[in-house]
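A short worksheet on the structure shown next.
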Amino acid sequence: MKGLSVMVLLVLVSMGLIFSGCLDTVEPMSYEDNLKQELANVNKPQLEIDFKLIDDSLAKWGLTPVILKEPNGVRYEVKTMGSGVKPVLSNKIKIKYSGRLLSTGKIFDSSPSMDFYLFQLVTGFQTTMPLIPKGSVVTLYIPSGYGYGPTDFLDGSGNILIPKNSNLIFEVELLDVL
């Protein structure tokens, strides 16, 4: 019996080594493919609810005439159109921003200047910022599925900073594309 378990262990280890060699040849997913997958996996019924909430708020605020729609539905307003280069997902961008909840207006984050790789930001940023040239100032209205989704986003102390399914508003100035 002991010889059989050693044999099974050797076969399993050998198979693991063979398959791990195969994994080395698998191409990593591109940033663009990862974004497509995120967009495909969004909760569509929740997205429709979010768009209605955002559109109702924009209408109430009288902003509907100036709002643009990104191809997947993110709403945005261009306050100042820059003339520089537009970022791609692999770029690091330097932005000035303030993020708040659509429901309450409560600011949950802001920075006078921060660098991020675009592919590391929420889906709403990834889909909209490539449309915006350096030097632009925009307001993004991001539905929950393109933000933090169905999970509460906690601060460092474990308090809920962004409740699940929160629609977000970001005031963003694209300072540089690095």
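Values quoted throughout were computed directly from the atomic coordinates according to the rules given, and no laboratory measurement underlies them. Only a predicted model underlies this, so the values are computations on that prediction, with no experimental measurement involved. Note that each Cβ is placed from the backbone with ideal geometry, even for glycine, and that neighbours are counted across all protein chains shown.
Observations, loosely collected:
- Annotation: lysines with alpha-carbon distance below 29 angstrom to Lys60 (same-chain offsets under eight excluded): Lys44, Lys52, Lys69, Lys79, Lys96, Lys106, Lys164.
- The phi torsions of segment 75-89, fed into the Karplus equation with coefficients 6.51, -1.76 and 1.60 and a -60° offset, translate into couplings of 8, 8, 10, 8, 8, 9, 8, x, 10, x, 5, 9, x, 10, 4 Hz, rounded to whole numbers, with Gly and Pro shown as x.
- A dipole drawn for segment 26-155 from +1 and -1 charges on Cβ atoms has a positive end, and of Leu121, Gly84, Leu53 the residue lying farthest that way is Gly84.
- Amide H contacts under 5 Å for Lys79, placed H, 5+ residues apart: Val137, Val138, Thr139
- Under 5 Å, built H, 5+ apart or other chain: amide partners of Lys86: Lys134
- Volume in Å³ per residue [convex hull over Cα atoms, computed for segment 137-178]: 95
- Partner aspartates and glutamates for Lys86 [C-alpha distance under 19 Å; skip if fewer than 8 residues away on the same chain]: Glu32, Glu70, Glu77, Asp115, Glu171, Glu173, Asp176
- All lysines inside 18 Å of Lys92 as judged from Cα atoms, apart from same-chain residues fewer than 8 positions distant: Lys134
- Scaled to the globular estimate 2.2 N^0.38 Å, the Cα spread of segment 42-177, given as radius of gyration, is 1.00.
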